[in-house]
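> Here's a structure for you.
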Amino acid sequence: MDTSTATSLWDELIGTQPDPDLWVVLATSVAALALVVPHSLWRVSRNAITIAHEGGHGLIALLTGRQLTGIRLHSDTSGLTVSRGKPHGIGMILTAAAGYTAPPLLGLGGAALLAAGRITLLLWLATALLIAMLVMIRNAYGALTVVVTGGTFVVVSWLAGPQVQAAFAYAVVWFLLLGGVRPAFELQAKRVRGGAGDSDADQLSRLTHVPAGLWLFLFHAVSLCSLIGGGRWMLEV
């Protein structure tokens, strides 16, 4: 790669792209909602939320000095992130809290980039995060899921035109914001039925002696506030 090509790629990465029309923003929000609300489609699309959920656990584990040993993604859309370190303390607490909060917060960050016109940067950052996560995947289904997701980002980033890239980026961010809301409600429903005794909220309760219900309230607050804030940013086109 010569200097001019590298400069061109860098300029494209840090540059801004024009906002799509309002109807595109609205249409992508409806498309994302259609993937979240119907149970039949959610059973498939939830895999993307699981990637963000487990990726959140893994990223915070690394940032807090824990040793990340592996991530597994399962066909029932559950996942498992394993890290080594002290079984208590702030690092463990932040790692446990990162799962349910990661998808909506990633959506909020994505909305901020879109509001600033950084569509290309958003797509490339997402691709880089997926590649980094792939290194830590420890099962075949998880690897396939991440490869397919990452491959979609690569194809759109390199081959699609600006309008398609914009529509795809907005759809992804809407999906993270809307899809980030549903898991906390699903967890709440499981806990009402007496299930999910080893959920993130219950683990946090044991770590902090704060009731699991309060941690569940935090998950709801983060996801709903991210949806409201991120949605407002993206609708201001």
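> Among the candidates 46, 84, single out the residue that is open to solvent by 30 Å² or more (accessible area, probe 1.4 Å), in contact with a Gly (Cβ under 8 Å, 6 or more places away or on another chain) and of a type in the set (D, E, K, R). Lay out the reasoning, then the answer.
Details: 84 fails: in contact with a Gly (Cβ under 8 Å, 6 or more places away or on another chain).
After applying the criteria, what remains is 46.
> What tally of residues in the range 72-111 results from selecting those that are more than 12 Å from the chain's Cα centre (by Cα) and farther than 16 Å from residue 175 by Cβ?
Counting residues in the range 72-111 that are more than 12 Å from the chain's Cα centre (by Cα) and farther than 16 Å from residue 175 by Cβ gives 25.
> On the basis of being in contact with a Leu (Cβ under 7 Å, 6 or more places away or on another chain) and either surrounded by 15 or more Cβ atoms within 10 Å (Cβ to Cβ) or not charged (D, E, K, R) (or both), does residue 62 make the cut?
Numbers: in contact with a Leu (Cβ under 7 Å, 6 or more places away or on another chain): yes; either surrounded by 15 or more Cβ atoms within 10 Å (Cβ to Cβ) or not charged (D, E, K, R) (or both): yes.
Considered against the rule, which asks whether it is in contact with a Leu (Cβ under 7 Å, 6 or more places away or on another chain) and either surrounded by 15 or more Cβ atoms within 10 Å (Cβ to Cβ) or not charged (D, E, K, R) (or both), residue 62 comes out as yes.
> Same structure again: What residue, among those in the range 204-217 that are of a type outside the set (S, T, N, Q) and surrounded by 17 or more Cβ atoms within 10 Å (Cβ to Cβ), is farthest from the chain's Cα centre (by Cα)?
207
> Identify the residue in the range 20-37 that is surrounded by fewer than 19 Cβ atoms within 10 Å (Cβ to Cβ) and of a type outside the set (A, V, I, L, M) and, among all such residues, is nearest to residue 166 (Cα to Cα).
Only one residue tops the list, namely 21.
> With 91, 109, 79 as the choices, which residue is free of Cβ contacts under 8 Å to residues at least 12 places away in the same chain and not basic (Lys, Arg)?
On the way: 91 fails: free of Cβ contacts under 8 Å to residues at least 12 places away in the same chain; 79 fails: free of Cβ contacts under 8 Å to residues at least 12 places away in the same chain.
It is 109.
> For the list (1) of a type in the set (A, V, I, L, M, F, W, C); (2) part of a helix (DSSP H, G or I); (3) modelled with pLDDT under 95, I need the number of the one condition that residue 228 fails.
Going through (1) of a type in the set (A, V, I, L, M, F, W, C); (2) part of a helix (DSSP H, G or I); (3) modelled with pLDDT under 95 one by one, residue 228 breaks only (3).
The values are calculated or read from the model by the stated rules, or taken from the named source; none is laboratory data. Owing to the predicted nature of the structure, the values given are computational and were not obtained by experimental measurement. Backbone-built Cβ (ideal geometry, glycine too); neighbour counts: all protein chains shown. To get the accessible areas, we keep the full protein, side chains included, count just its heavy atoms, and leave off ligands, DNA and RNA. Shrake-Rupley method; radii C 1.70, N 1.55, O 1.52, S 1.80 Å.
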